[in-house]
Amino acid sequence: MTQTTPVKTLAAGIAITALTSLGTVALAQDAFPSEPIQLVVPWGPGGPGDTYGRMLAQAINDNNLLPQPVVVVNMPGGGTTIGSRDVRDADADGYRLLFSHQTLITAELMGTSDFGPDDFTPVAETNNFCLVYGTSAESGFETMEDLQAAAEAEPGSLTDATLLGSLSHFSSAMLNDAAGIDMRYVNVGGGSARTTSLMGGHTQVAIMSPTDVIRSDGRLRALVYMGPDRHPDLPDVPTTTELGYGFESCLNYWWFAPAGTPDERLDTIRAALEQAVALPSLQEAMTSRGVTPEFYSGEALDARIAANATALSSVAGALQ
């Protein structure tokens, strides 16, 4: 005998199927990320910040740490404010992030930007390196004591190659304030421009990376290292702590999202970044460039950003 399906049972089956389908669509729509994530780098291509951002993006992409790729978008200009403003004003959906460092703090302190870290949601710190105060090997300065003696002998005679308003400017100011040196600042630009100025004899000292000194074939000399311990490749260079200056200065690379980005989406990104930083290939690539790959998030990250803001604020008034 042929059996027939009751109408109510058939209708219920159709409804269940429909609800299941809708649920599947909803899950697919909620999956994050469902499209590429754009990482805004507020510098032009080829510089250190751009290089590190691309290394991290490539590590995520090559190892399938996210279901969608991270795409680097260069937005230079305005002392990094163009790129950072773009991310600040972006939709808070996790699809547009900022890769920056202390310039986000110094720009606000100098008044070149009307926003800072508090206007974003911090995601993670992925890499950093500490700075040195360096000079040309032909300058005649071998130690910070030599620099102090020259400053006392001829007040106002010493010149510092810097980028006004940048971390290098602030770091020099903190150092010279602690050492009691009256320094004249010359706005020459970024790292390569500063080393060129030193080696050309146009200025006498500058903030730079340890790698600049190490790879200079003896043409540059580090006077003091601003990290917590002596640099392994510059074992004879004292730290700011050893000299009693009472501060450190390192360039910390941070990832930021627009304020209000959902925590669950940022947790997905953080997990991928933590895995990327732990990859031996990335560790080796960054270390070979004099960069320390380290991962911080949550309260530890907040504390590092706050400590930087406090230290930089201490000299901001003297620089404006």
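The values are calculated or read from the model by the stated rules, or taken from the named source; none is laboratory data. Computed from a prediction, not measured in an experiment: that's the story for all the values here. Cβ atoms come from the backbone with ideal geometry, glycine included; neighbour counts cover every protein chain shown. Accessible surface is based on the protein model in full, side chains and every heavy atom, while ligands, DNA and RNA are left aside. Shrake-Rupley method; radii C 1.70, N 1.55, O 1.52, S 1.80 Å.
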Would you mind finding the one in Asp86, Asp119, Asp91, Asp146 that is more than 30 Å from Ile181 (Cβ to Cβ) and more than 20 Å from the chain's Cα centre (by Cα)? Asp91
With the checklist (1) open to solvent by less than 20 Å² (accessible area, probe 1.4 Å); (2) among the charged types (D, E, K, R); (3) part of a loop (DSSP other than H, G, I, E, B) in hand, flag the one item Asp50 doesn't pass. (3)
Give all pairs with beta carbons closer than 6 Å in which a residue from the stretch 89-109 that is under 17 Å from Thr268 (Cβ atoms) meets a residue that is open to solvent by 10 Å² or more (accessible area, probe 1.4 Å) and not aromatic (Phe, Trp, Tyr); count only pairs at least 6 apart in sequence or on separate chains. Ala92/Gly260; Gly94/Arg265; Arg96/Gln38; Arg96/Ala90
Output yes when any residue across the stretch 32-45 is β-branched (Val, Ile, Thr), open to solvent by 20 Å² or more (accessible area, probe 1.4 Å) and within 19 Å of Gly189 (Cα to Cα), and no when none is. no
Pick from the stretch 57-75, criterion more than 21 Å from Glu264 (Cα to Cα) and not charged (D, E, K, R), ranking: surrounded by the most Cβ atoms within 10 Å (Cβ to Cβ): Ala59
Would you mention how many residues in the stretch 174-194 are under 30 Å from Ser288 (Cβ atoms), open to solvent by 20 Å² or more (accessible area, probe 1.4 Å) and either among the polar types (S, T, N, Q) or touching a strand residue (DSSP E or B) at 6+ places or on another chain (Cβ under 7 Å) (or both)? 4
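Modelled with pLDDT of 95 or more, open to solvent by 30 Å² or more (accessible area, probe 1.4 Å) and under 21 Å from the mean Cα position of the chain (by Cα): which single residue out of Thr268, Thr261 fits that description? Spell out how you get there, then give the answer.
Working: Thr261 fails: open to solvent by 30 Å² or more (accessible area, probe 1.4 Å).
Just a single option satisfies the conditions, and that option is Thr268.
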Hits in the stretch 272-292 (condition: part of a helix (DSSP H, G or I) and free of Cβ contacts under 8 Å to residues at least 12 places away in the same chain): Pro280, Gln283, Glu284, Thr287
Any idea how many residues of the stretch 226-251 are in contact with a strand residue (DSSP E or B) (Cβ under 9 Å, 6 or more places away or on another chain), under 24 Å from Ser100 (Cβ atoms) and open to solvent by 10 Å² or more (accessible area, probe 1.4 Å)? 4
Restricting the search to the stretch 184-242, which residues are hydroxyl-bearing (Ser, Thr, Tyr) and either assigned to a loop (DSSP other than H, G, I, E, B) or modelled with pLDDT under 95 (or both)? Tyr185, Ser192, Thr195, Thr196, Ser197, Thr203, Ser209, Thr211, Ser216, Thr240, Thr241
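Among Ala124, Ala92, Ala107, which is the only one that is part of a strand (DSSP E or B), in the same structural domain as Ile269 (by TED's automatic domain parsing) and either farther than 22 Å from Ala285 by Cα or touching a Lys or Arg at 6+ places or on another chain (Cβ under 7 Å) (or both)?
Step by step, each of Ala124, Ala92, Ala107 is checked, and only Ala124 is part of a strand (DSSP E or B), in the same structural domain as Ile269 (by TED's automatic domain parsing) and either farther than 22 Å from Ala285 by Cα or touching a Lys or Arg at 6+ places or on another chain (Cβ under 7 Å) (or both).
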Applying the selection to the stretch 110-140, what residues are open to solvent by less than 20 Å² (accessible area, probe 1.4 Å) and over 16 Å from Phe256 (Cα atoms)? Ser113, Cys130, Leu131, Val132, Tyr133, Gly134, Thr135, Ser136
